Structure formats: C-alpha cells, structure tokens
C-alpha cells in the first residue's frame, strides 16, 4: 500500500471499529443496566429485561463480529490487500 | 487417506464425532443389558482421555513453529472450535448453570462478559497480533516496546494470571476424575494432570489444537444432549432455548408462595452447600446495575488480555483468517452460553413447581429423602436437607445444595438413563482438560521462549529450546497439581481473579501498543508494573485485610482498579518521556496493515 491508501485504509478501519464498539457498549452495559425498566415488555414469551442478558445480547455479539469482518474485508479489498 | 492431515480435517473429525456418538449408543445398550453406573462412568472418562492422548502422540513435533503456533496452518472453523474448548473451562461447564440458578440477575454479568469480550478481541487485538507474527503475548510487548524489562514484566503478569487459572482447572479435572473413576481426589488431580500433559507435551500448540477440537466436540454434545432430552421428556418444548420464557414466568409466580428469601433455620454440617435465596430474575437498578456493569467490564477486558486465548489466533494462516476464527470462536461458545440459562431455569422449575412430578419442595421430607438422586448426592456431601421447622414438609430454606449439582445432577433429577450422566462427566473432563492445556502451554511457552531464549540464552539451539519448553510444562503442571491437591481455592473465585490480573497488567499495554503510536517503553513498563501492583494491592486489602470495597468494587472486580491505574500511568509516563523512534513507529504502521510480511520473521 502507498502512503495515501494506507492512511485511508486505517481511517476507515478505525471508524468501523468505533462503530462496532458503540454497539457492543449498548448491548453489554446499557441494556443490562436498564433491565428493570425492560421487565414490563414481553418478547418471545420472555420479559425483555431478562431476554437480553441470557440470549439477545449474545446473539447480537455473534452477529456483530460477523458483520464487522464482512465490512473489514470490504475495506481491505478496496485498499487492494 | 491421501494428502496432508489438514486437508482431511472434515473427514477425520466427522469420523471422530460419529465414533463418539456410536460409543454413547454402545454404552446405552450396555446399560440396558445391566452394566453398572460406575463402570459406565469409568469407561466414558477413560475412553475419551485415551483418544486425546493418541491425538497428542500423533501430533508430536520437533519444529519450533509447529510447537509454538501449530505451523500457522489451522483453518478458521477448527481454530474457532479449539478456542471455544480453550475458553470454556471446567467452571463454565460445571458451575455456570449453577451460578445462574443461585445468583439471579447479578450472575448474568458473567454470561454477558464472557461472550462480549470477544468483540474486544476481534476489534482491538487478534488481527493485529496475528499480523505481528509473534509466538507469545510477551513476544509482542518485548518487540513493540523494545528491551528485556518490558518483556519480563509481561511474562510475570502472564504467569500470575494464567497460573491462578490453571490451578482451578487442574482442581476441576481432579474432582471429575475422582468421581468418575472412583479414586481419592488427591490421586484424581495427578491422573487429570497426566491426561493434560499427554495432550500437550510432545506436540506443543499443534497437539493442543487438535486435541482441543476433539474436546470441544465432546463437551458441546455432552452439554446439549441432556438439556434437550430433559426438555423433551418433561414437555418443555423440542428446543428449550426458544420456549422457556413461560418457565421463567412460572418461577417468578411461585417464588413468593414458596417464601423465597426466608433465612435458613439449620446450619449444614459441611461447607459448600446453600439454599436458594435470590429471585430468579428481579433487577433492582441502581447499585445492582453498577455491580453488573463493573463485573461485565472486568470479564470482557480480561477476556481480551488473557494470553492463552490471544495465542490461539497466532495459529491461523492469515490476518483475515484470524478475524474469521474469532467469529467462529464466539459462535461455538455461544452455543453453550445460551443453553446454560435454559438449563438453570428448567432444573429450578422441576424442583419447585408442585404440579410437576419431579418437584421436591412442598413434598414430605421422608418421600424426598427416599429419592435415589437425593441419596447419591447427599452421600458425596453436595446436598443436604433437614426438617428445620419440624413440620415434615420440605421447605425452600431446608434444601441445601452445591451449585455444581445443577449440571451434574440434572439428568438424574429428570430421570434420564445413567449413560447421560457418564456423558456429562466426560464433557466436564474435556472442558477442564482443554483449558488447562491452553494455560499450561501459555505459561511454559512464555518462560521458554521469552525468558529462556530471548533473555537468558539467545544462542540456544532449536532442540534445547524445545526440551526446555517441555521440562517447564511438566514442572509447572506438577506445581499446579500440587497446589490444587491442597484445595486452597474455590473454583470460581480463582477464575475471576485470573481475568482481573490479566486486565490490570496487560490490557492497556497491548491495546495502546497497536492503537497509540506515541506509547513507548517507559509508559508500557509503568502501565504493567503499576497496574498490576495496584490491582494486587487492592485484592489483598479487600479479600484478606477486611477493607470495605470502594463503590462496591469487591475482590471479583479488582481489575477495575488495576486497569485504571495502568491506563493513567501508561499515558502520563509515555507523554513525559521521549516519543518512540521512527523504526518503532513504522513497526506500528506495519502491524495495522493486513498485507505484507509479518513484523517478526518466521523463525525468530
């Protein structure tokens, strides 16, 4: 990679990483933090506040990593690496 | 079979899985023909250990790259399975569901933390460390920051964190071996260690990789079959994961009627057992939310700094493969972690709900005491019940049990054949052995590669290096088994500590080494030393010296203190001292660039 492509590649990688970490923070910290408020809502037969820490957040983490890799592959492809 | 071993993985492990299922069916037939429960247990554990040992023997090697990083030829899906086995310890397998059973909302922080951590691994660490081309985690620290002092600090943190963890694993493998093979615990610990060493000693990372894949297959089958079978026989749905919401609601409805939270009347004559006193799920917000968040953060940052996990991603062929294998790792881990809450919920409902045939609470004491599973587990001091108020009826606060029982006894509570209990024992053994293997190898590799080869004798020949690595493996394993045989630690306390130690000393030096070019040697050393010391001091004060925790940060969360000190000291010291030279900055650029040669040469 030449200097300019390299810089662009890193800038895009960094911005993707920050977005991923924002989603991660929401589902690992903010949602479980507010579990009490979510108890009244029912989802697939579960109280929503319970559903997230036992299943929902976990599914989102798995999907998030697959999505991140898909996007990062595109960033890498565009930079020709 | 034609071609290389790695070309035939699908067929080999397909055959292996088929063989294992065949073995389960064979045992089920033997059980029908009248074979005793004890013999089935012995056959399950012994058969699987022999298989792992064979894989270890077949993977023996005298090549440095095969020994340290499995020749960097592990395909993504298999590396995912190996990481999942490496990751899921005896504690995950045996204690997780029990923790959920007893702990309610607060305990779920472990579930979120031990899965969410992989987002950090994928975002911040794995692909970059793979590009770097190191053999061990201290190898990265030592090369990025330069100098033996930084390398040595990383080795020390790694050894403390991993050793804390490995003792618990050897302890778990000893417990299971003792129960399944019917030998004393002190002997079981060494039998477990022997199995662990047979998997790792001759082939290093290569052998550990291929046994861990085999161990994952056993442990996931052993975890899923009992839950799904139990759910089907008890009418909770074909796949319980999607339908246990009703069970949660039913438990919440029953809890007040059963006087949940009433204090125990009696004191059990032995330790480790407790009554259920925490609601299944009743978040209070406020301080409880804060406790949840701090514990989850510790487990997540710890995950991203534990060397035995990070080094698994050094074994893939490329940077992209490293990323992909993180995704598969989390998927394979997820399969167990989203099953554990279902298991805990359904087992609890079976014991509590008076409309179910399996229930015991509210039944007459004499009737419950006559149940075979109650007698079996009472005999090994994992269960205790006593009619404290003398009314002849078993109350919730008269039923004491150990958390481990939830996984181990569920097949018996639900009335499944004994072959399932044997399978569960083999699964627990696989989980404990695979994690112990990864940890022992991480310690021995850091000592042989970083301490012996890089610091003490850089001219050592390949053969000497690999002999030193193996001697260290045996010595450390022996030491771990010796400490485990003294029964100093409970399983879960020590496991959480390992995460806190790792995040206190390693998280920021690793992350900033990649993400902040300005980070330099003095900063990294300050971050490792001060972070690690602050965390350790805080643990000592809170756990041994009776200090009141600051803001609810107790001994399970001391990494919060350690990592904060580490971050601040690393940034301040880096900024006060000179910028890293141009060569180091170019090295950071090369680490971020997925193309081109590895930063460290292939044979370093």
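Every number in this text was worked out from the coordinates using simple rules, so none of it is lab data. Computed from a prediction, not measured in an experiment: that's the story for all the values here.
Laid out as a table, the results:
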item	result
With Cα atoms, 0 to 90° folded angle of helix B:418-445 axis to chain B main axis	20 degrees
Normalised contact order of segment A:3-78, rounded percent, pairs of Cα under 8 Å and 6 or more residues apart	34 percent
Expected-Rg normalisation [2.2 N^0.38 Å, Cα atoms] applied to the protein assembly as shown	0.94
Whole-number percent relative contact order across chain B, with pairs defined as alpha carbons under 8 Å at least 6 apart	28 percent
Segment B:445-586: C-alpha gyration tensor shape, a/c 1.5 cut-off, then a/b vs b/c	oblate
Whole-number percent relative contact order across segment B:483-604, with pairs defined as alpha carbons under 8 Å at least 6 apart	34 percent
Helix-only mean residue ellipticity at 222 nm for the protein assembly as shown, each DSSP H run of n ≥ 4 adding -39500 (n - 2.57), per residue, nearest 500	-21000 deg cm²/dmol
Segment B:241-310 and segment B:362-383: distance between their alpha carbon centers, rounded to Å	24 Å
Cα centroid of segment A:10-51 to Cα centroid of segment B:96-152, whole Å	20 Å
C-alpha center-to-center spacing [segment B:10-77, segment B:395-445] in angstrom	18 Å
Folded to 0 to 90 degrees: helix B:9-32 orientation relative to chain B principal axis, Cα	20 degrees
Rounded if a/c under 1.5, otherwise prolate or oblate - chain A, Cα gyration tensor axes	prolate
Rounded to 10°, Cα long-axis angle of helix B:148-181 versus longest principal axis of chain B	30 degrees
q = 0.17, 0.22 Å⁻¹, segment B:140-184: log10 I(q)/I(0) [Debye, one scatterer per Cα]	-0.58, -0.72
